[in-house]
Amino acid sequence: MPRIPDETTRGIMLPLLAMTTVDLNLLTALDALLAEGRGNTNGPVDQALAGLGLRHAILAVVPGFSAALAIANASDLVVGI
């Protein structure tokens, strides 16, 4: 489970699904795995973050959502589509 770098969690590891919101600080702090069939690493989330002067770390790109979920299930990565 990823360690949430936020003062409200005090470094406690929490599943993202238990959270009601994910703010930009959290989104940009987490490492991502991108499901993108064409290998494009500049999707809508990346474009929106860039517009705010932010970015997040994409550690890997896989061709399909099923593969991304399987990898994310066995790691601390979040999946972007």
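What net charge is computed for the residues neighbouring L54, neighbours being all others with C-beta under 13 Å from the C-beta of L54, Lys and Arg scored +1, Asp and Glu -1? Don't skip to the answer; put the middle values down first.
Working: positive: R55; negative: D23, D46.
Summing Lys and Arg as +1 and Asp and Glu as -1 gives -1.
Can you figure out the FRET efficiency of L24 with A74, using R₀ = 30 Å and their beta-carbon distance, to the nearest 0.05? Don't skip to the end; give the middle numbers.
Numbers: r = 27 Å, r/R0 = 0.89.
Once rounded, the FRET efficiency stands at 0.65.
When N is the residue count of the range 22-80, what does its C-alpha Rg come to as a fraction of 2.2 N^0.38 Å? Write down the numbers at each step before the final one.
On the way: Rg = 11.2 Å, N = 59, 2.2 N^0.38 = 10.4 Å.
Expressed relative to 2.2 N^0.38 Å, the Cα Rg reads 1.08.
Read the figures in this text as sums done on the coordinates, not as results from a lab. Quick caveat: nothing in here was measured; it's all calculated off a predicted structure. Using ideal geometry, Cβ is built from the backbone for each residue, glycine included, and neighbour counts are taken over all protein chains shown.
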